[in-house]
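Worksheet: one structure, shown below.
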Amino acid sequence: METSNSKKELSLLYGKKELSDSYISFQIDLFDITTKFRNSKDFVFIKPLRKDLIQNNFKSGIPLVAFAPITVSLDILKKCFSEILSVFISHNTCSKDTVARFKKEIDKGFIQDITSAISSYNLDAIQTLSKSTPLDAPSLHLATSEMAKPMFQTIAIGAKKSASFENWAEGFCPICGDLPGFARLSKEDEGKRYLWCKKCNLEWGFRRIHCPYCGNTDHNKLKFLTTNHREELRIDVCNDCNGYTKTIDERKIEGEETINFIRENVASLFLDIIADEKGYKIKSPDFLQTKITFQ
Ligand SMILES: [Zn+2]
Ligand SMILES: [Zn+2]
């Protein structure tokens, strides 16, 4: 998906009554870092793979990072993480002096540990690592997730050249294994559902009456919530696992506008608040063993 216009699209959210300008500004600064580091020279190397190997793994529901030998530069990840901490400091999301000191002390071993933890969805490891930093676990999780975005997007851009995702039938991302951040019901395919990964900025097709988190297919337990604000938006919920997916129904939008998931995900913060109030949660994937190594 094209992201070059995403910064402009995010800027259009300033002044919306349901969002604070400081939140938009924080998101734009984080987005700038993803854009800056994505596709960096000598950042990510993937050993060329045979197409049939990719397709066989995809048919078995194994995401790319779990079978492809990938090497990532720790120097580039470290620079990226350092810039994210600067954004945290400039937006007063953490204690300025202590985080500035911590930023100077970060070594490659720490970067390797947080990257391994975030790539394998090892939340216990993030929790433990946060104890050696001035950041609490949710802040370290956010900073590390943002650091991982350019890495995963670079992997996804490379993978799209040789892999097709038509046989991918899972509710998690075929590249990184993350659970969907957003979904769309397409206008062109009569309501076919596509899921979107916020890490890889990648979308893939998925069945409509099927929970991407627990596999529930009982339509009595799969509902959606709507609000008075923006009738094209809804929250698809599963009453088995209490997971939810923010969804945009393109059939309710005039014209042929292409959905910009990066903008919609930020613009729809109010849906996350509603879902949370009603007891629905964003799910985290199960532990995933990856083939990522570092240099
Ligand atoms: Zn992904
Ligand atoms: Zn479910």
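The values are calculated or read from the model by the stated rules, or taken from the named source; none is laboratory data. Predicted, not measured: the structure shown is a model, and the values here were computed from it. Neighbour counts are summed over all protein chains in view; Cβ atoms, including those assigned to glycine, are modelled from backbone coordinates with ideal geometry. Heavy atoms of the whole protein, side chains included, go into the accessibility calculation; ligands, DNA and RNA do not. Shrake-Rupley method; radii C 1.70, N 1.55, O 1.52, S 1.80 Å.
Taking the square root of 5 times each eigenvalue of the Cα gyration tensor, what semi-axes in Å does the equivalent ellipsoid of the range 168-295 have, largest first?
Sorted largest first and rounded, they come to 23, 18, 15 Å.
Take the solvent-accessible surface of the protein heavy atoms, probe 1.4 Å, and return the percent of it on the range 197-285 that carbon and sulfur atoms account for.
Result for the range 197-285: 47 percent of the exposed heavy-atom area is carbon or sulfur.
May I ask you to list the GluC sites (Glu not before Pro) in the range 231-295 that are in a DSSP loop and have at most 15 other Cβ atoms within 10 Å of their Cβ?
Passing sites in the range 231-295 are E231, E254, E256, E257.
Bin width 10 Å, origin at 0, all Cα-Cα pairs of the range 138-216: what percent of pairs per bin?
So the P(r) values, bin by bin, are 18, 47, 29, 6, 0.
For the range 1-117, what is the largest minus smallest coordinate of the Cα atoms on each principal axis, given in angstrom and ordered from greatest to least?
Principal extents (Cα only, largest first): 49, 37, 25 Å.
Could you pull out the longest piece of the chain with no exposed loop chymotrypsin sites (Phe, Trp or Tyr not before Pro) in it, calling a site exposed if DSSP puts it outside H, G, I, E, B and it has at most 12 other Cβ atoms within 10 Å?
15-286
Work out how much length E231 to I253 would gain on full extension: take 0.36 nm times their residue separation and subtract the Cα-Cα distance, in nm to one decimal.
Length difference between fully extended and current span is 7.0 nm.
Give, in nm to one decimal, the length gained when the segment between I273 and L12 is fully stretched (0.36 nm per residue of separation minus the Cα-Cα distance).
Values: separation 261, 0.36 × 261 = 93.96 nm, distance 2.13 nm.
Full extension of this stretch gives 91.8 nm more.
What percentage of the solvent-accessible surface of the range 9-115, computed with a 1.4 Å probe over protein heavy atoms, is contributed by carbon and sulfur atoms?
Numbers: 2770 of 5560 Å².
Taking all protein chains in place, the range 9-115 shows 50 percent carbon and sulfur surface.
From the phi angles alone, apply the Karplus equation (6.51, -1.76, 1.60; θ = phi - 60°) to the range 257-270 and give each ³J(HN,Hα) in whole Hz, x where the residue is Gly or Pro.
Per residue, the Karplus-derived 3J(HN,Hα) values read 4, 7, 6, 9, 5, 4, 5, 4, 5, 6, 5, 9, 3, 4 Hz.
Can you return the lysines within cross-link range of K16? Criterion is Cα-Cα under 17 Å, with same-chain partners fewer than 8 residues away left out.
Straight-line reach from K16, under 17 Å: K7, K8.
Which three semi-axes in whole Å describe the equivalent ellipsoid of the range 71-139, each the square root of 5 times a Cα gyration tensor eigenvalue, listed largest first?
Calculated on Cα positions only, the semi-axes equal 19, 15, 10 Å.
Kirkwood Rh over alpha-carbon pairs of the range 1-54, then Stokes-Einstein at 20 °C and 1.002 mPa s: what D in µm² s⁻¹, rounded to an integer?
On the way: Rh = 13.8 Å.
It diffuses with D of about 155 µm²/s by this estimate.
Take every Cα-Cα pair in the range 157-196 and report what % of them are more than 14 Å apart.
Numbers: 427 of 780 pairs.
When all Cα pairs of the range 157-196 are counted, 55 percent exceed 14 Å.
Might you report the magnitude of the Cβ-based charge dipole of the range 94-245 about its Cα centre, with Lys and Arg at +1 and Asp and Glu at -1, to the nearest 20 debye?
Using only the charged Cβ atoms, the result is roughly 300 debye.
Would you mind giving the three semi-axes, in whole Å and largest first, of the ellipsoid equivalent to the chain according to its Cα gyration tensor?
29, 25, 18
For the range 86-231, what does the accessible surface come to per residue with a 1.4 Å probe? Please give it in Å².
46 Å²
Straight-line reach from K131: which aspartates and glutamates have Cα under 18 Å away, leaving out those fewer than 8 places along the same chain?
Output for K131: D97, E105, D107, D113.
Before rounding to the nearest 500, sum -39500 (n - 2.57) across all DSSP H runs of length at least 4 in the chain and divide by the residue total; then give [θ] at 222 nm in deg cm²/dmol.
Per the formula, -13000 deg cm²/dmol.
Along the charge dipole of the chain, which of L269, N216, F152 sits closest to the positive end, that is, farthest toward it, with unit charges on the beta carbon of Lys, Arg, Asp and Glu (+1, +1, -1, -1)?
So the residue we want is F152.
Using a 1.4 Å probe and counting only protein heavy atoms, arrange D286, D29, D107, D97 so the residue with the most accessible area comes first.
D286, D97, D107, D29
What percentages, rounded to whole numbers, describe P(r) for the range 73-188 computed over all alpha carbon pairs with 10 Å bin width beginning at zero?
12, 40, 29, 15, 4, 0
Is the range 254-295 rounded, prolate or oblate when judged by the Cα gyration tensor, a ≥ b ≥ c being the square roots of its eigenvalues, rounded requiring a/c under 1.5 and prolate requiring a/b larger than b/c? Show your work: numbers first, answer last.
Details: a/c = 3.26, a/b = 1.40, b/c = 2.33.
It comes out oblate by the Cα gyration axes.
Given a 10 angstrom Cα cut-off, can you work out which residue in R193, R251, R234 is the most mobile in a GNM of the chain?
Among R193, R251, R234, the largest mean-square fluctuation in the Gaussian network model of the chain belongs to R251.
Provide the net charge surrounding L269, with neighbours chosen by a C-beta distance below 14 Å and charges set as Lys +1, Arg +1, Asp -1, Glu -1.
Cβ neighbours under 14 Å give a net charge of 0.
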